[in-house]
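Structure first, commentary second.
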Amino acid sequence: MSTKKTKTPAIDIGITADERKKIVQGLSALLSDSYTLYLMTHNFHWNVTGPQFNSLHLMFMAQYTEQWNALDLIAERIRALGHPAPGTYKEFVKLASIKEVEGVPKADDMIRHLVSAQEATARTARKLFPVVDAANDQPTADLLTQRMEVHEKTAWMLRSLLED
């Protein structure tokens, strides 16, 4: 019986190693923003109070559940491109454009923070498009489009709660 190791084949999907590295850097920032947004939304779900408690509690749960599922899609795309996905709080804090909210804000301030974080995540996704387009990377472009659609729609819905 042979114990000879076989070499892992190189990735040959029509995207150069340099292009994949640049795409992964952008996806890592998106994963970090997405995780930070997930954690913020879940925190607000747990801690919201006031007359809007029930509706916000349920809305935040739907949002953090959707966000949780998206984390896997982003991380798996990073892995498919041949790189490890960031997976620690330290890495997420370093890469995220969203800053954590300290304390427990009032319900309307929670909504404002989430609008800002949703929009920041959409901007992070949008910023990656030139790199993805140049590499002819349609799967990542599709993922970015889906994520931007969710974040822009969610920001609009949250913002609508603040209108008089």
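The numbers here are math on the coordinates, done by the rules we state, and not lab data. What you are looking at is a predicted structure, and each value in this text was computed from that prediction instead of being measured. Positions of Cβ are generated from backbone atoms using ideal geometry, with glycine treated the same way; all protein chains shown enter the neighbour counts.
Against the test of being of a type in the set (A, V, I, L, M) and within 18 Å of residue 124 (Cα to Cα), the options 56, 71 yield a single qualifying residue, 71. Taken together, the residues in the range 115-129 that are under 13 Å from the mean Cα position of the chain (by Cα), in a helix (DSSP H, G or I) and among the aliphatic types (A, V, I, L, M) amount to 4.
Of note, residue 122 satisfies the criterion of being within 30 Å of residue 54 (Cα to Cα), small (Gly, Ala, Ser) and buried (at least 16 other Cβ atoms within 10 Å of the Cβ). Of all residues in the range 5-50, those being outside any helix (DSSP H, G or I), touching a residue at least 40 places away in the same chain (Cβ under 8 Å) and either at positive phi or not hydrophobic (A, V, I, L, M, F, W, C) (or both) number 4. Taking the range 55-86 as the range and being in a loop (DSSP other than H, G, I, E, B) and surrounded by 13 or more Cβ atoms within 10 Å (Cβ to Cβ) as the test, the residues that pass are 81, 82, 83, 85, 86. Within the range 29-54, if we keep just the residues that are crowded, with 22+ Cβ neighbours inside 10 Å and polar (S, T, N, Q), the residue that is farthest from residue 118 (Cα to Cα) turns out to be 32. Filtering the range 125-164 to residues that are basic (Lys, Arg) and either surrounded by 17 or more Cβ atoms within 10 Å (Cβ to Cβ) or on the phi > 0 side of the Ramachandran plot (or both) leaves only 147.
Of all residues being in contact with a Ser or Thr (Cβ under 9 Å, 6 or more places away or on another chain), of a type outside the set (Lys, Arg) and not in a helix (DSSP H, G or I) in the range 99-114, which is nearest to residue 153 (Cα to Cα)? Just the residue, please. Top of the filtered list is 100.
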